[in-house]
Every structure is written in structure tokens, then in C-alpha cells.
Amino acid sequence: MWLARLLQLPDSDGDRERPGLLMVQIDGLSRPELEWALERGEVPFLKRLMRRHDYCLHSLYSGLPSTTPAVQSELFYGIRCAVPAFSFRDHETGRVIRMYEPAAAIRQEAQQDPDGDRGLLAGGSAYADAVTGGAAEAHFCASAMGWGPALRSANPIVVFVFLISNLYSFLRVAVLLVLESGLALYDFVRGLFDGYDFAKELKFIPTRVAISILLRELCVIGAKIDVSRGLPVVHLNLLGYDEQAHRRGPRSRFAHWTLKGIDDAVARLWRAAQQSRWRRYQVWLYSDHGQAAVRTFEQVRGLTLEDAVFAALESLDEHTLRSMPGLMESIQTHRVRLLGGNRVQSLFGVLGINGDDTETSYPHMAALGPVAHIYLPAALTRDEHRLVARELAQRHGVPLVLVRAAAGVLQAFAEDGQFELPDDAAQIFGAGHPFIEGISEDIVCLCEHPDAGDIVALGWRDGIEPLTFATENGAHGGASPDETHAFTLLPAGTHPPGGGRDYLRPASLREAALRYLQRSPGEAGGSAEDSLSRSQTRQ
């Protein structure tokens with residue numbers, strides 16, 4: 001408490017019986033992986049919460065796309081499918097964006113909460129989040145990088161006192177950094193023997209250490225200070241597992257190794273919440289999505305998605321190609337690129353195909369994971385979109401290719417035929433999919449998003465091995481059970497509205513949080529149903 005005052009951070013005046021909420025997101029950890037970790041004793045404190053403190057484990061359906069920005073947008077603002085993927089082309093600017101870019105995150109938040117009154121985290125703090133949720137203090141977020149203004153503008157003497165007062169924590173961080181660096185070097189050598197790229201493996205060492213240890217510990221220290229101050233809601237995102245799972249796979253030893261540190265971080269946060277003088281805190285744990293173990297599309301099919309798209313475009317009739325010189329130029333450019341590297345390409349004056357994102361006569365792709373948005377030249381007709389989609393699925397082996405057919409209706413192409421969504425959702429995604437009802441609704445919403453591609457390619461459908469269009473061993477964003485099956489771990493007596501289903505979704509968690517914080521839905525932008533209606537109207 002004295003440290004918060006030294007940093008000139010405002011306290012929360014009032015009775016300790018006022019509710020407070022500490023929300024901890026374990027990024028990318030599916031419920032099946034959590035249960036496996038519980039069985040193996042990797043998360044002893046989480047198990048203790050369930051056995052001694054009556055915490056209950058619930059399934060959480062992530063919604064689509066199964067990415068952090070989409071899940072947090074639904075949780076914080078009540079808007080489903082706020083973004084169509086982690087990477088997509090903004091229909092207003094024409095630029096391909098990625099949701100870790102500050103400008104993209106700021107723009108999306110302004111669209112989702114134009115009046116600044118919907119955010120679940122209003123008056124609170126956010127750590128390492130994709131969107132800030134209206135938090136008064138945001139740290140290490142995509143739209144608010146680094147520490148918030150309080151520490152950035154603090155007197156150097158105050159910062160020195162801050163470091164000394166947290167000396168144990170920082171010494172602990174130093175030891176963990178050394179340990180994790182050693183493990184990362186060991187993993188680096190193993191990766192080379194397994195055939196991974198040297199440069200990429202080398203870059204992964206500092207990234208892994210920074211996210212799994214340094215960022216986690218800084219977020220925990222900050223969140224503990226905020227709890228001691230009595231902020232009404234504190235949210236932090238622990239990224240270590242997700243980072244490792246992308247690189248080595250969701251069930252890899254190195255991904256599960258990070259769970260031990262995450263479990264210890266949760267224990268420290270829980271103890272800090274119990275000791276707060278200002279509020280009666282509850283600690284809620286959840287994950288935003290899971291991850292699927294994947295192989296790359298190129299490994300399985302022998303060509304990249306970009307190669308497949310250009311090959312499919314060549315199937316258009318000759319008259320169409322000749323009438324579109326920009327398309328012909330992009331196809332020829334792609335053919336020359338197949339000759340080799342930059343030196344060979346420079347002989348022919350080859351430029352990057354997506355060098356100008358706003359050029360509408362060229363095809364563009366945003367494929368950062370198992371969901372790819374393909375933006376075709378503006379002059380192509382809907383029938384030509386369908387022809388390209390059919391070629392991608394049936395000749396080039398893209399697992400599932402979707403195009404809009406009419407309002408609320410999609411045509412779906414696969415190697416074994418053509419389907420229609422949402423009617424054929426059970427055939428495409430499997431009748432046994434735990435969230436088939438939500439998937440059939442959300443897949444249409446995703447493809448009808450104003451920033452969605454003319455064609456949407458997915459790396460999975462029922463009955464096939466999950467694929468990704470990026471270079472990774474673990475992936476999420478798509479509709480497979482592994483990607484969409486997240487969890488919540490909540491105190492007994494917390495009953496989020498499930499809408500008659502045996503699982504929750506982020507909007508349910510949002511409503512339960514508002515109720516616990518004694519805030520009416522109108523104070524945070526309305527109910528989930530109202531927010532969904534607003535989202536569809538905006539689109």
C-alpha cells in the first residue's frame with residue numbers, strides 16, 4: 001500500500017465488503033490440456049482451488065475466430081466476432097493488419113467502444129491484453145505498450161525504491177531468466193537436430209524468455225499493486241503457454257513446463273487478493289481458446305497457400321484474364337518468384353506481390369494461422385469467386401473453402417463435395433463437435449464480417465488432420481474442438497448464464513462479472529444480446 005502511495009497511484013476509498021474482481025487469463029490453454037496438466041500434477045495450486053476452495057471447472061466455447069482479440073472483445077465489450085481473424089485486410093484503409101500492431105489495436109477498440117462506456121474493465125487495469133477493455137490503466141497491451149504513465153513518469157528515486165521494495169521478486173525473476181535461458185538454449189540445440197530453421201530458432205530464445213518469464217513477472221507485480229490499491233477489476237493475461245505451444249505444440253514438454261510458473265503466479269495473485277484491505281476480491285481464472293497440434297499446409301500439400309491461390313486463378317477463362325491486366329501481372333510475378341530468391345527475382349524486376357495492400361487489381365492474402373482471408377481482384381464476379389474456391393478445395397487440397405452465397409448463407413467447398421452453411425454444419429464440423437450449435441452461427445458471422453475475405457480458407461474440417469497456413473506446430477483461430485474448447489475456473493456459487501447450453505461463452509462470463517461487480521448491463525454497453533445486435537448492425 002505504501003508503495004502505491006509513493007508512486008502516487010490513487011487508492012480506492014470505501015468498505016472492504018465492496019466486490020472486486022481479479023481475472024487471470026491463461027492464454028491458449030484448452031480444457032483438455034488443463035485436465036491433463038491436473039492429472040500430471042503440473043498445476044498443484046489450481047488443483048487446490050478445486051479441492052479446498054470449491055472452485056468449479058466449466059467448459060468455455062471461444063467463439064469464432066478462436067483468437068485472443070475476438071474473445072477479449074466479446075468478454076470486454078460484448079461484441080461477437082469483432083474481428084474476422086488475427087490478421088485481415090481493413091476494408092476502410094485497404095491495409096492488411098495484424099492485431100499485435102498498436103495502430104490496429106487502437107483502431108479496433110475505437111470501433112468497438114466509440115463512446116468509451118462499454119468496457120468491462122472500466123476503472124480498473126489491464127495487463128498484456130490484446131484490447132484494454134476500457135481499463136483506466138493499461139500496461140503491456142497491444143494498444144498501450146510498456147508500463148502505464150504512472151511508472152513511466154515516476155521520479156527516478158521512486159523507481160529505485162520500487163525496485164528495492166520488490167527486491168525478492170526481481171531476484172526471483174533474475175534466477176528464472178537464467179534457468180529459462182538455459183532451457184531455451186537446450187531446446188534450440190534440439191530444434192536444430194530436428195531440422196528447424198537456425199535463424200528462427202535463434203530468435204525464439206529471447207522471445208521465449210521475455211514472454212514466459214519477464215513479462216509474466218512484471219504483470220504479476222503490477223496486478224498485486226493494483227489489488228492492494230483496491231481497483232474494482234484487474235485483468236492480466238499470462239502468455240507463456242500460448243507462446244510455447246505455437247512453437248513446439250500444445251502438448252509439448254516445453255509448453256507444459258510453463259504451466260508450473262503460471263500456477264505459481266496464480267497462487268501469488270490469489271494470496272494478494274485475499275489480503276486486500278479495500279475490497280472483497282474474487283479470483284476468476286479462464287482461458288480464451290485452445291490450440292490444435294498442426295502441420296503446415298505446405299508440408300502436407302507440397303505448395304504454399306499463395307501458390308494454390310495463383311494456380312486456382314489461372315483456371316479462370318482466358319477472356320477474363322486478358323481483360324484484367326493487373327491480375328495477369330500478379331500471376332506472372334508469382335511465376336517468376338518461383339525461380340528463386342531476391343537476386344533471381346531482381347533480374348526480372350519482380351516486386352512483392354502484396355507490396356501495396358490497397359491495390360485492388362491484385363489478389364491479397366492474410367493467413368496468420370489456420371484461417372486465411374483471400375481478397376480477390378475487385379473485378380471478379382461471385383461466380384468466379386466460387387470457381388476459385390472450388391479449385392482451391394478440390395484440386396489443391398485446402399481443407400475447407402467458404403464463400404458468401406446470400407445473407408446468412410455460405411457455400412462450402414471441400415475435397416469430397418460442396419455444402420451449405422449453416423445447414424450442413426454437422427457434416428462439415430462433425431455432429432460430435434462439443435460446440436456445433438455455436439460454430440454453425442459464428443462461422444456465418446465470421447464470413448460476413450466487413451473485413452472478411454472474398455474467400456475464407458480454413459485448415460480443418462471433421463475427419464482430417466488440422467493444418468495451418470503459417471509456420472507453427474500449434475495453432476488456433478479456426479473451428480476445431482481443440483481450438484475452441486477453453487475453460488473457466490470459478491468460485492462455487494458463480495453461475496454465468498449459459499443460455500440453456502452446457503457450456504459458457506465469453507459473453508456469459510461478461511454478464512456474470514458485471515453482476516458480481518454490481519454494475520448493470522447498461523453501465524457497460526448493454527446485454528450480450530444487445531451487443532450482438534449492435535455488432536451486426538455495424539457490419
All but one of (1) under 30 Å from Ala122 (Cα atoms); (2) over 21 Å from the mean Cα position of the chain (by Cα); (3) outside any helix (DSSP H, G or I) hold for Asp451; state the number of the condition that does not hold. (2)
Identity of the residue in region 100-119, in a helix (DSSP H, G or I) and more than 16 Å from Ala144 (Cα to Cα), that ends up most open to solvent (accessible area, probe 1.4 Å): Gln111
Using the structure shown, decide if Asp482 is buried (at least 20 other Cβ atoms within 10 Å of the Cβ), closer than 30 Å to Glu511 by Cβ, in contact (Cβ under 8 Å) with a residue 12 or more places away in the chain and touching a Ser or Thr at 6+ places or on another chain (Cβ under 8 Å). yes
With the condition kept exactly as written, say whether any residue in region 506-513 is farther than 16 Å from His289 by Cα and open to solvent by 10 Å² or more (accessible area, probe 1.4 Å). yes
Pick out, from region 225-318, the helices (runs of 4 or more DSSP H) lying fully within it that include 1 or more residues that are β-branched (Val, Ile, Thr) and surrounded by 24 or more Cβ atoms within 10 Å (Cβ to Cβ). 253-274, 305-313
Anything in region 208-228 that is among the charged types (D, E, K, R) and more than 17 Å from Leu121 (Cα to Cα)? List them, or say none. Arg208, Arg216, Glu217
Within region 46-53, is even one residue among the aliphatic types (A, V, I, L, M), over 21 Å from Glu243 (Cα atoms), assigned to a helix (DSSP H, G or I) and modelled with pLDDT of 95 or more? yes
Condition (residue is more than 18 Å from Ala82 (Cα to Cα), at pLDDT 95 or above, among the hydrophobic types (A, V, I, L, M, F, W, C) and open to solvent by 40 Å² or more (accessible area, probe 1.4 Å)) applied to region 416-433: is it met by at least one residue? yes
Write out, first by first residue and then by second, each pair whose Cβ atoms fall under 6 Å of each other, whose residues are 6+ apart or on separate chains, and whose first residue, in region 397-413, is surrounded by 20 or more Cβ atoms within 10 Å (Cβ to Cβ) while the second is in a loop (DSSP other than H, G, I, E, B). Pro399/Gly459; Pro399/Trp460; Pro399/Arg461; Pro399/Ile464; Leu400/Arg461
Pairs, please: C-beta under 7 Å, at least 6 apart or cross-chain, first residue among the hydrophobic types (A, V, I, L, M, F, W, C) and in region 430-446, second assigned to a helix (DSSP H, G or I)? Phe435/Thr484; Ile436/Ala425; Ile436/Ala426; Ile436/Phe429; Ile439/Ala425; Ile439/Phe429
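The values are calculated or read from the model by the stated rules, or taken from the named source; none is laboratory data. No experiment lies behind these values; they were computed from the predicted model shown. Reconstructed Cβ throughout: ideal geometry from the backbone, glycine too, with neighbour counts over all protein chains shown. When the accessible area is computed, the model is the full protein with side chains, heavy atoms only, and any ligands, DNA or RNA have been set aside. Shrake-Rupley method; radii C 1.70, N 1.55, O 1.52, S 1.80 Å.
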